[in-house]
1. Among all residue pairs at least 6 apart or on different chains, which show Cβ distances below 6 Å where the first residue, located in segment 99-126, is at positive phi and the second is of a type outside the set (Asp, Glu) and loosely packed, with under 11 Cβ neighbours inside 10 Å?
2. Can you tell me which of (1) at positive phi; (2) surrounded by 24 or more Cβ atoms within 10 Å (Cβ to Cβ) is the one Val52 doesn't meet?
3. Is there a residue in segment 169-178 that is touching a Phe, Trp or Tyr at 6+ places or on another chain (Cβ under 9 Å) and under 25 Å from Asp244 (Cβ atoms)?
4. Return the only residue of Ala134, Ala177 being surrounded by 23 or more Cβ atoms within 10 Å (Cβ to Cβ), among the aliphatic types (A, V, I, L, M), under 27 Å from Leu228 (Cβ atoms) and modelled with pLDDT of 95 or more.
5. Report whether or not Ala51 is in a loop (DSSP other than H, G, I, E, B) and modelled with pLDDT of 95 or more.
6. Answer yes or no as to whether Thr184 is β-branched (Val, Ile, Thr) and surrounded by fewer than 23 Cβ atoms within 10 Å (Cβ to Cβ).
7. Within segment 143-162, identify whether any single residue is touching a strand residue (DSSP E or B) at 6+ places or on another chain (Cβ under 9 Å), farther than 21 Å from Trp227 by Cβ and of a type in the set (Gly, Ala, Ser), and answer yes or no.
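The values are calculated or read from the model by the stated rules, or taken from the named source; none is laboratory data. Note that the structure is a prediction, hence the values are computed from the model and not measured. Glycine also receives a Cβ, built like all others from the backbone with ideal geometry; neighbour counts cover every protein chain displayed.
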Amino acid sequence: MASSAGKIAVVACGVAAAVAVPGTAWADTSVGYDVSHPQCDTDLPRERAFAVVGVNGGLSTRANPCLQEQLTWAWESSGEVAGQPRAQLYLNTANPGQLLDEVTTWPMSGSTPYGACDGTNSTACSWEYGWERAENSVLSFFTPAARAARVDSQPSRYVWWLDVETMNTWQYGSAGASDRNRATLEGMASYLLSRDAEVGVYSTGRQWGQIVGEVGDDSVLAELDSWLAGSLTADQAEAACDDDPLVPDGDVVLSQYVRDEWDRNVAC
């Protein structure tokens with residue numbers, strides 16, 4: 001979601017979801033949009049089938065200051081595309097482990113699938129960093145905003161996309177760097193899955209290859225759905241639905257293109 005830029009159907013636990021305004025005449029559309037902090041104070045598209053909202057403000061450590069309003073807007077989508085719930089979410093991702101002197105949020109401890117985190121630039125601490133960043137985004141950013149917006153605040157009611165782009169801070173230069181990047185995404189996915197959320201990954205094939213590399217069948221990332229970026233037109237986006245997914249045994253379910261400075265999405 002470099003230029004501008006969230007699946008759920010009903011609300012539970014007595015929290016009322018925002019719904020389309022009674023009497024609204026929705027035009028027949030199958031287009032979805034993704035938005036985040038760059039669209040603050042912008043008139044958002046009125047006609048949309050679904051919407052994906054960025055929880056973060058460009059960095060995984062920051063909140064989207066317009067999250068409450070954009071969640072309300074997302075829930076007012078028509079929801080008329082099968083398999084694409086009206087409100088979905090995405091998280092910014094990164095691994096700044098090579099810049100430990102500049103990072104105040106790097107974990108100093110933690111038990112992970114890669115062993116104990118000891119505060120160093122290790123695979124274990126990279127996994128713990130991902131878990132903690134996802135946990136913070138859910139508990140500190142998403143949950144208060146969803147409650148204020150009076151929409152469903154249960155993470156399990158949404159699809160959470162992990163936004164993987166080279167514009168964020170990643171480790172490069174070795175196979176170990178890719179392993180640590182992958183571990184961060186595994187930590188983020190593991191936290192979300194522990195909350196019974198549905199998780200997917202967003203990127204282009206080129207950026208994914210540079211940052212993550214190959215994903216093994218035993219990774220928690222395997223079999224996750226893919227949302228592909230990089231298309232310039234609706235026709236290109238539809239054609240990209242036939243491209244390879246970002247992870248083994250996954251499916252491409254969304255494809256993004258840019259038109260009139262808006263990130264638009266087609267369901268595959």
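1. Filtered contacts from segment 99-126: Gly119/Met108.
2. (1)
3. Yes, segment 169-178 contains a residue that is touching a Phe, Trp or Tyr at 6+ places or on another chain (Cβ under 9 Å) and under 25 Å from Asp244 (Cβ atoms).
4. Numbers: Ala177 fails: surrounded by 23 or more Cβ atoms within 10 Å (Cβ to Cβ).
It is Ala134.
5. It is false that Ala51 is in a loop (DSSP other than H, G, I, E, B) and modelled with pLDDT of 95 or more.
6. It is false that Thr184 is β-branched (Val, Ile, Thr) and surrounded by fewer than 23 Cβ atoms within 10 Å (Cβ to Cβ).
7. yes
For (1) buried (at least 16 other Cβ atoms within 10 Å of the Cβ); (2) assigned to a loop (DSSP other than H, G, I, E, B); (3) at pLDDT below 95, each residue gets a yes or a no:
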site	(1), (2), (3)
Ile8	yes, yes, yes
Thr24	no, yes, yes
Arg46	no, yes, yes
Gln68	yes, no, no
Ala82	no, yes, yes
Leu91	yes, no, no
